[in-house]
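Remarks on the structure that follows.
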């Protein structure tokens, strides 16, 4: 087990990519970090004594996150809550121009942690991508209608990226800072303020 495992559940692969970017950025701060699928032998046998911080990433589909992510968080909520931890909720609603949609995504993310008993250090909503090429015809049609209503991309011949990768890296920096505090960031708050600005 690594210092900072980034556990994830994914449907079309975007949450995996986000988890991998978080792990990559955390490693830049001298911590051992890897993206680990929640449905894996490694996730089933976590050595929490070695874990210094952790994250879970999951995506919203039909108003809920993947069941395996909820089950994992429910089983490990105490261990997660005892160390710096991050929940990354991935959705297209997070990219909406409608503040109500953005707030709805945030509400679903907060409900996930409340329902599982996990108290993460930080909850973040991150925009995903329109993975038209991976949807079945019905989901593709439904997502295209939603995208048209939201003023998003409607070309179904390719996928459309909405993830703010700078935001993802900032989340990783914050998690690394919380794990290592002043050991790696002598003026941590100042550093994070500069990254956020």
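Any idea how far the Cα center of the stretch 32-103 sits from the one of the stretch 10-30, in Å? So the two Cα centres are separated by 12 Å. When 38, 108 are sorted by how many other C-beta atoms sit within 10 angstrom of their C-beta, beginning with the fewest, the order is 108, 38. Over the chain, dividing the summed -39,500 (n - 2.57) contributions of all DSSP H runs of at least 4 residues by the number of residues returns a 222 nm mean residue ellipticity of -13500 deg cm²/dmol.
Take each of the peptides 122-128, 57-63, average the number of other beta-carbon atoms within 10 Å over its residues, and list them starting from the highest.
Working: 122-128: 21.1, 57-63: 19.1.
Averaged packing, sorted descending, gives the order 122-128, 57-63.
Hey, what angle do you get for helix 137-150 against the long axis of the chain, alpha-carbon based, 0 to 90 degrees rounded to 10? Tilt relative to the chain: about 90 degrees.
Share of antiparallel DSSP beta bridges in the stretch 1-134, in percent to the nearest 5? Could the numbers behind the result be given before it?
Details: 2 of 22 bridges.
Restricted to the stretch 1-134, the bridges split so that about 10 percent are antiparallel.
With the simple model of a label 7 Å out from the Cα in the direction of the Cβ, residue 1 to residue 48 spans 0.8 nm. Springs between Cα atoms under 10 Å define the GNM used for the chain, and in it the highest mean-square fluctuation of 141, 31, 86 occurs at 141.
Ranked highest first by average number of other Cβ atoms within 10 Å, how do 76-85, 166-175, 6-15 line up? List each step's numbers first, then the result.
Values: 76-85: 18.2, 166-175: 20.1, 6-15: 23.7.
Ranked by mean Cβ neighbours within 10 Å, highest first: 6-15, 166-175, 76-85.
In percent, rounded to a whole number, the relative contact order of the chain is 20, using alpha-carbon pairs under 8 Å and six or more apart.
With Cα atoms as the point set, the stretch 1-112 shows a radius of gyration and Dmax of 13.9, 43 Å.
Bear in mind these aren't lab numbers, they're just calculated from the coordinates by the rules spelled out. Here the structure is a predicted model, which is why all the values come from computation and not from measurement. No Cβ is skipped: glycine too gets one built from the backbone with ideal geometry, and neighbour counts run over all protein chains shown.
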